[in-house]
1. Does residue 317 meet the test of being free of Cβ contacts under 8 Å to residues at least 24 places away in the same chain and surrounded by 19 or more Cβ atoms within 10 Å (Cβ to Cβ)?
2. If we keep just the residues of segment 286-305 that are more than 14 Å from ligand 1 (Cβ to nearest atom) and in a loop (DSSP other than H, G, I, E, B), which is farthest from residue 388 (Cα to Cα)?
3. Quick one: how many residues across segment 323-351 are within 16 Å of residue 267 (Cβ to Cβ) and touching a helix residue (DSSP H, G or I) at 6+ places or on another chain (Cβ under 6 Å)?
4. Which condition breaks for residue 265 when tested against (1) in contact (Cβ under 8 Å) with a residue 60 or more places away in the chain; (2) touching a strand residue (DSSP E or B) at 6+ places or on another chain (Cβ under 7 Å); (3) buried (at least 20 other Cβ atoms within 10 Å of the Cβ)?
5. So which of 324, 295 is over 25 Å from residue 89 (Cβ atoms) and either within 14 Å of ligand 2 (Cβ to nearest atom) or buried (at least 19 other Cβ atoms within 10 Å of the Cβ) (or both)?
6. Just give me the residues in segment 21-40 being in contact with a strand residue (DSSP E or B) (Cβ under 9 Å, 6 or more places away or on another chain), surrounded by fewer than 18 Cβ atoms within 10 Å (Cβ to Cβ) and part of a helix (DSSP H, G or I), in sequence order.
7. For residue 338, state whether it is out of contact with any strand residue (DSSP E or B) (no Cβ under 7 Å at 6 or more places or on another chain), within 14 Å of ligand 1 (Cβ to nearest atom) and in the same structural domain as residue 289 (by TED's automatic domain parsing).
8. Report yes if residue 370 is within 14 Å of ligand 1 (Cβ to nearest atom) and buried (at least 23 other Cβ atoms within 10 Å of the Cβ), otherwise no.
Ligand code: SF4
Ligand code: SF4
């Protein structure tokens, strides 16, 4: 991570610069080709994923303020009114487009005579095109690719998607992606490995925004070729993009020691810091719902009143719920501290062995969206202080 923005691998097509009109044409072209185009939009004063028909639907001129237990988004005179990506990250993670919060797995109906017919889940949704995926969320999708490699519905959606990553130029107080090695600054190899097709950097001056575009897949290269205002990137464009990324990186002060965190969370289960952190926890599960890598689900069966049809649904679940650890006779994690410790020990301590990388990408959403302001970076620092690591 941290390669210069605009740098390309020997196999990468050269970077080019797109106008704001080209961005509209890119979005329109994806829609014409049948993609369900999604990007950051303003929904109830929150910047979150939604349908995008043109750059008019993007949060132009909006900024966000994310910190422990606080989220605000609003238009700001501090950024150009046409800047479309002058915020940190959408409120929700892109995982929902590949692992929906609820989805049917199959349906069964009772035939006359008593036999049962099993019907597959309905036809899949159209392929999605995501415009505006940040480096942290791109890394999270790569994590999910490993964790859900055997899930056919997830794989089908991921394989069909077109992904436009956008470098982050306006990180929030809750961000700590440099510690995680996931941004700001997305190397081409990491972008391609995470299934991105294009990486954009928004460059803004008095004239408005333009976009340094780095194709990282053949499909991405094809998409930019026909755009009308496109021109080759100059060294000044590439330097400008590098400055955007460097400034974002410099603005992030929050850290988490990813190298020592696995041992810290695994080896000190009885530390007082666990109880102190969890004292404020409401067990709401927001942290797991907001997290771009949490993928736990449960299945529920629903039947009609007559008992002739039944459906099996998969729904997001959370290790913060009592029922999540229900085994024969009851839950094995009754106390709040046991559930918080399970979450963090799995995410920071066990994922490296299980999936080859941490389960945290440093997006900061669990910090922003925790109503109690619980902050995993402060918790890990408190653990380190207590055990002298
Ligand atoms: S644990 Fe928190 S900071 Fe880390 S990826 Fe999940 S939501 Fe983001
Ligand atoms: S840590 Fe915060 S977000 Fe997570 S369950 Fe507790 S109160 Fe909710």
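The values are calculated or read from the model by the stated rules, or taken from the named source; none is laboratory data. Just so you know, these numbers come straight off a predicted model, no measurement behind them. So basically every Cβ, Gly included, is an ideal-geometry build from the backbone, and we count neighbours across all protein chains shown.
1. Values: free of Cβ contacts under 8 Å to residues at least 24 places away in the same chain: yes; surrounded by 19 or more Cβ atoms within 10 Å (Cβ to Cβ): yes.
It is true that residue 317 is free of Cβ contacts under 8 Å to residues at least 24 places away in the same chain and surrounded by 19 or more Cβ atoms within 10 Å (Cβ to Cβ).
2. Here is the first cut: in segment 286-305, the ones more than 14 Å from ligand 1 (Cβ to nearest atom) are 297-305.
Still in the running and in a loop (DSSP other than H, G, I, E, B): 304-305.
Working: 304: 58, 305: 60 Å.
Within segment 286-305, the match that is farthest from residue 388 (Cα to Cα) is 305.
3. 5
4. For residue 265, the exception is condition (2).
5. On the way: 295 fails: over 25 Å from residue 89 (Cβ atoms).
Exactly one residue qualifies, and that residue is 324.
6. Step one: of segment 21-40, the residues in contact with a strand residue (DSSP E or B) (Cβ under 9 Å, 6 or more places away or on another chain) are 22-23, 25-28, 30-31, 33, 35-40.
Applying the additional criterion that residues be surrounded by fewer than 18 Cβ atoms within 10 Å (Cβ to Cβ) yields 28, 31, 33, 36.
Scanning segment 21-40 gives 28, 31.
7. Values: out of contact with any strand residue (DSSP E or B) (no Cβ under 7 Å at 6 or more places or on another chain): yes; within 14 Å of ligand 1 (Cβ to nearest atom): no; in the same structural domain as residue 289 (by TED's automatic domain parsing): yes.
Judged against the criteria, residue 338 is not a match.
8. Working: within 14 Å of ligand 1 (Cβ to nearest atom): yes; buried (at least 23 other Cβ atoms within 10 Å of the Cβ): no.
Spelling it out, it is not the case that residue 370 is within 14 Å of ligand 1 (Cβ to nearest atom) and buried (at least 23 other Cβ atoms within 10 Å of the Cβ).
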